[in-house]
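A short write-up of the structure that comes next.
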Amino acid sequence: MTEQYEVLEKANSREVKQKLREKVLRLKKERNAYIVAHNYQNYEVQEVADILGDSLALSKATIGLGFDVIVFCGVDFMAESAKILNPGKKVILPVREADCPMALMVTPERLREKRKQFPDAAVVCYVNSSAAVKAESDIACTSANAVQIVKSLPHKQIIFVPDKNLGHYVRRFCPEKEIILWQGFCTTHIRVTAEDVKQAKAKYPDSAFVAHPECPPDVIDLADHVSSTSGFSSYIARSPANTFIIGTEVGMIFKLKKDHPDKRFIMPTEQFVCQTMKMTTLGWVAHALETLEYEIEVPEPIRKHAEITLRRMMDVSKDHPNAVIASY
Ligand code: 13P
Ligand code: SF4
């Protein structure tokens with residue numbers, strides 16, 4: 001990060017944060033840029049974003065925009081998806097190291113080996129995977145549409161990569177399929193235990209527990225509702241409960257509090273923090289807008305195949321709610 005932003009960030013005062021925020025908004029205009037933020041981003045980043053959402057909604061939201069630059073505040077696979085779908089646009093990931101540990105748990109080489117073992121299987125890749133893995137897959141899915149995608153395929157055998165927990169969740173709804181699990185997992189969502197949730201439930205007996213399907217199966221067993229990050233808010237809106245135990249990354253709380261100021265949100269563990277999601281700060285967003293670093297590049301042959309994989313998914317799940325235009 002350039003020195004001026006580092007100094008501003010370190011000062012960590014309200015006035016300085018406000019200055020930084022104004023700088024980001026000014027640079028955003030000058031660059032004709034659009035800031036996209038995942039629901040897990042730091043609050044200060046969510047506040048300057050044009051749009052907030054889950055991975056599927058954000059991928060869709062970037063298509064056909066009139067902006068020259070897309071600044072993707074999230075992790076690398078999300079920015080890559082935006083680039084795959086918008087090859088003519090400059091897509092910037094503010095922090096180069098912001099990757100998703102789960103996405104790194106599958107490689108195209110190992111996936112090709114697996115395909116050889118199960119030649120009749122279709123390969124479904126969770127969007128939390130690299131462009132190269134998407135290029136080797138038949139169709140993508142997100143946590144919002146995984147069951148729908150698997151059910152849409154004529155194949156009996158499905159190789160599901162890389163998240164074994166999401167794959168396990170899909171299995172519950174697709175007994176007609178043979179789902180071959182990859183042994184990947186989210187390093188954040190495995191930190192919550194069934195015991196954590198039971199303790200929170202004992203403390204708040206009238207609460208409802210909402211979980212992301214990346215949580216381990218014994219945690220999912222305790223959930224009143226399971227959904228992608230965008231599904232949390234809609235469930236809370238229609239639930240009669242007043243207190244909710246939140247089974248996903250802590251960044252989610254910011255949006256939930258804004259959407260439901262009269263409801264109460266409890267984290268079952270302090271460990272629910274995705275370190276790489278939290279790398280992006282206001283200073284990094286300012287740096288990205290000023291320097292246009294770090295630009296996402298995807299080699300064209302990979303991009304083309306990965307785009308087919310993503311567009312097949314979008315054709316199946318046309319009815320997913322759109323990302324939320326930020327109004328902060
Ligand atoms: P969503 O698609 O539900 O936003 O999930 C993305 C993710 O990385 C969850 O850990
Ligand atoms: Fe990856 Fe998990 Fe972080 Fe989501 S929360 S970006 S799956 S490590």
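The values are calculated or read from the model by the stated rules, or taken from the named source; none is laboratory data. Small disclaimer: the values here were computed from a predicted structure and weren't measured. Please note: Cβ atoms are built from the backbone with ideal geometry, for glycine as well, and neighbour counts cover all protein chains shown.
Quick one: would you say SER230 is assigned to a helix (DSSP H, G or I), on the phi < 0 side of the Ramachandran plot, more than 16 Å from ligand 2 (Cβ to nearest atom) and modelled with pLDDT under 95?
no
Going by the structure shown, is LYS255 within 30 Å of ALA61 (Cβ to Cβ), touching a residue at least 12 places away in the same chain (Cβ under 8 Å) and within 13 Å of ligand 1 (Cβ to nearest atom)?
Criteria met by LYS255.
Which residue out of GLN117, GLN148 is of a type in the set (S, T, N, Q) and without any contact (Cβ under 8 Å) to a residue 12 or more places away in the chain?
Of the residues listed, the single one that is of a type in the set (S, T, N, Q) and without any contact (Cβ under 8 Å) to a residue 12 or more places away in the chain is GLN117.
Is there a residue being outside any strand (DSSP E or B), in contact with a Leu (Cβ under 6 Å, 6 or more places away or on another chain) and away from ligand 1 (no atom under 16 Å from the Cβ) anywhere in segment 196-203?
Yes, that holds for at least one residue.
Hey, among the residues in segment 263-317 that are within 16 Å of ligand 1 (Cβ to nearest atom), of a type in the set (A, V, I, L, M, F, W, C) and farther than 28 Å from GLU109 by Cβ, which one's surrounded by the most Cβ atoms within 10 Å (Cβ to Cβ)?
The extreme case among them is PHE272.
Please note which strands (runs of 3 or more DSSP E) are completely contained in segment 43-107 and include at least 1 residues that are of a type in the set (D, E, K, R).
Answer list for segment 43-107: 90-92.
Could you list all residues from segment 1-42 that are among the aliphatic types (A, V, I, L, M), touching a residue at least 24 places away in the same chain (Cβ under 8 Å) and in a helix (DSSP H, G or I)?
LEU8, LEU20, VAL24, LEU27
Among the listed residues ALA131, ALA121, ALA211, which satisfies the condition of being of a type in the set (Gly, Ala, Ser), under 23 Å from the mean Cα position of the chain (by Cα) and closer than 22 Å to LEU310 by Cβ?
Selected residue: ALA131, the only one of ALA131, ALA121, ALA211 that is of a type in the set (Gly, Ala, Ser), under 23 Å from the mean Cα position of the chain (by Cα) and closer than 22 Å to LEU310 by Cβ.
Check segment 151-169 and report whether any residue there is surrounded by fewer than 18 Cβ atoms within 10 Å (Cβ to Cβ), touching a residue at least 60 places away in the same chain (Cβ under 8 Å) and assigned to a helix (DSSP H, G or I).
yes
Here's a check for you: in segment 130-149, which residue that is closer than 17 Å to LYS318 by Cβ and of a type in the set (Val, Ile, Thr) is farthest from ligand 1 (Cβ to nearest atom)?
Ranking the qualifying residues of segment 130-149, first place goes to ILE139.
Restricting the search to segment 30-48, which residues are among the charged types (D, E, K, R) and under 9 Å from VAL69 (Cα atoms)?
Result: ARG31, single match.
Please state which of the following conditions LYS114 fails to meet, knowing it meets all the rest: (1) more than 17 Å from GLU293 (Cα to Cα); (2) away from ligand 2 (no atom under 16 Å from the Cβ); (3) out of contact with any strand residue (DSSP E or B) (no Cβ under 7 Å at 6 or more places or on another chain).
(3)
Taking the criterion of being within 14 Å of ligand 1 (Cβ to nearest atom) and closer than 30 Å to GLN117 by Cα, would at least one residue in segment 223-236 satisfy it?
Scanning segment 223-236 turns up no residue that is within 14 Å of ligand 1 (Cβ to nearest atom) and closer than 30 Å to GLN117 by Cα.
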